[in-house]
Amino acid sequence: MAGILIVEDNTGMAASLDDALRHEGYRTWTAGTGVEALELLAAHRDAIDVVLLDRDLPVMSGDTVMTTIRTLGLDVSVLMVTASASPEQRVEGLDLGADDYLPKPFVYRELSARIRALLRHDARRRAPAGSSDDSGAVAQPVVIDDDRRLAYWRNTPLDLTAREFAVLRRIVEADGGWVTLDELIAAAWPDGTASAGAAKTLVYTLRRKLEAAGGRGAIVSARGKGYRLP
């Protein structure tokens, strides 16, 4: 799963973001100061993919943290968040090396979408180079990147929610075998709270996203058996 570092001195907001992002399936860390943020980045540099950076931090500003991240060459995407929303200030943040800029107050859905966009952008640099293996056989069209909680259809990154990713991952793991609806519910809702209708709706939306990427018929179903890759 992708890792996100939340750098926010407002403890209430940091806790809310932490809960929401964990609910989506991300691995998270929180830092209340710039110094703590850099320490966490040093300790978990291979696990953190996106930094949500409050620009208005006390003592060590978000600008200093941003500059340090780029000076050290850390391979993370940075979404700078601040109450300062003027165009000039946004440009300043981007010029410092931020990948995106989001003014406060913001709607969580927009924040979540921007995180997914940053992860997709990062994924394009790491996407498998081809669709065949060394023997010349056609490779599996669905590729799962567990470390970053990303999936591709023939090298096209898929914009999936955490539950959609869990369902697709379970179907891929079956390697062409049937996966029952109960197994998909267990994969996407570990607490078992989902109804069969909710799970079927999720599979429907997953199919639509695969179709949009060119994967028409990528998931087939059969009454009494479940779902599988053709």
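Any idea which residue in region 180-227 is farthest from the chain's Cα centre (by Cα), counting only those that are in a helix (DSSP H, G or I) and among the charged types (D, E, K, R)?
That would be Asp182.
Cβ contacts < 7 Å: first residue touching a residue at least 12 places away in the same chain (Cβ under 8 Å), restricted to region 178-201; second residue open to solvent by 30 Å² or more (accessible area, probe 1.4 Å) and assigned to a loop (DSSP other than H, G, I, E, B), any location; separation 6+ or different chain. Result?
What qualifies is Trp178/Lys225; Ile185/Gly192.
Check Val59, Val81 and return the single one that is without any contact (Cβ under 8 Å) to a residue 60 or more places away in the chain and either open to solvent by 60 Å² or more (accessible area, probe 1.4 Å) or assigned by the TED database to the domain that holds Ile115 (or both).
It is Val59.
For region 57-101, what are the residues that are aliphatic (A, V, I, L, M) and under 17 Å from the mean Cα position of the chain (by Cα)?
Selection gives Val76, Val78, Leu79, Met80.
Looking at Ser61, Ser77, which is the one that is among the hydroxyl-bearing types (Ser, Thr, Tyr) and over 25 Å from Thr161 (Cα atoms)? Show your work before the answer.
Details: Ser77 fails: over 25 Å from Thr161 (Cα atoms).
Among Ser61, Ser77, only Ser61 is among the hydroxyl-bearing types (Ser, Thr, Tyr) and over 25 Å from Thr161 (Cα atoms).
Could you check region 204-226 and list, in sequence order, the residues that are touching a residue at least 12 places away in the same chain (Cβ under 8 Å) and within 19 Å of Tyr152 (Cβ to Cβ)?
Here is the first cut: in region 204-226, the ones touching a residue at least 12 places away in the same chain (Cβ under 8 Å) are 205-207, 209-210, 213-215, 217-219, 221-222, 225-226.
Residues satisfying the conditions are Thr205, Leu206, Arg207, Lys209, Leu210, Ala213, Gly214, Gly215, Gly217, Ala218, Ile219.
Taking region 57-78, which residues are closer than 12 Å to Ala98 by Cα, β-branched (Val, Ile, Thr) and not in a helix (DSSP H, G or I)?
Scanning region 57-78 gives Val76, Val78.
Take the residues in region 96-120 that are of a type in the set (A, V, I, L, M, F, W, C) and assigned to a loop (DSSP other than H, G, I, E, B); name whichever of them is nearest to Ala2 (Cα to Cα).
Only one residue fits best here, namely Ala98.
Tell me which of these Gly93 doesn't satisfy, since it passes every other one: (1) part of a helix (DSSP H, G or I); (2) free of Cβ contacts under 8 Å to residues at least 12 places away in the same chain; (3) of a type in the set (Gly, Ala, Ser).
Against the list (1) part of a helix (DSSP H, G or I); (2) free of Cβ contacts under 8 Å to residues at least 12 places away in the same chain; (3) of a type in the set (Gly, Ala, Ser), Gly93 comes up short only on (2).
Here's a check for you: in region 1-36, which residue that is of a type in the set (Gly, Ala, Ser), touching a Leu at 6+ places or on another chain (Cβ under 7 Å) and at pLDDT below 95 is nearest to Ala187 (Cα to Cα)?
Ala2
The values are calculated or read from the model by the stated rules, or taken from the named source; none is laboratory data. Quick caveat, the model's predicted, so the values are computed rather than measured. So basically every Cβ, Gly included, is an ideal-geometry build from the backbone, and we count neighbours across all protein chains shown. For the accessible areas, the whole protein counts, side chains as well, though only heavy atoms, and no ligand, DNA or RNA atoms are used. Shrake-Rupley method; radii C 1.70, N 1.55, O 1.52, S 1.80 Å.
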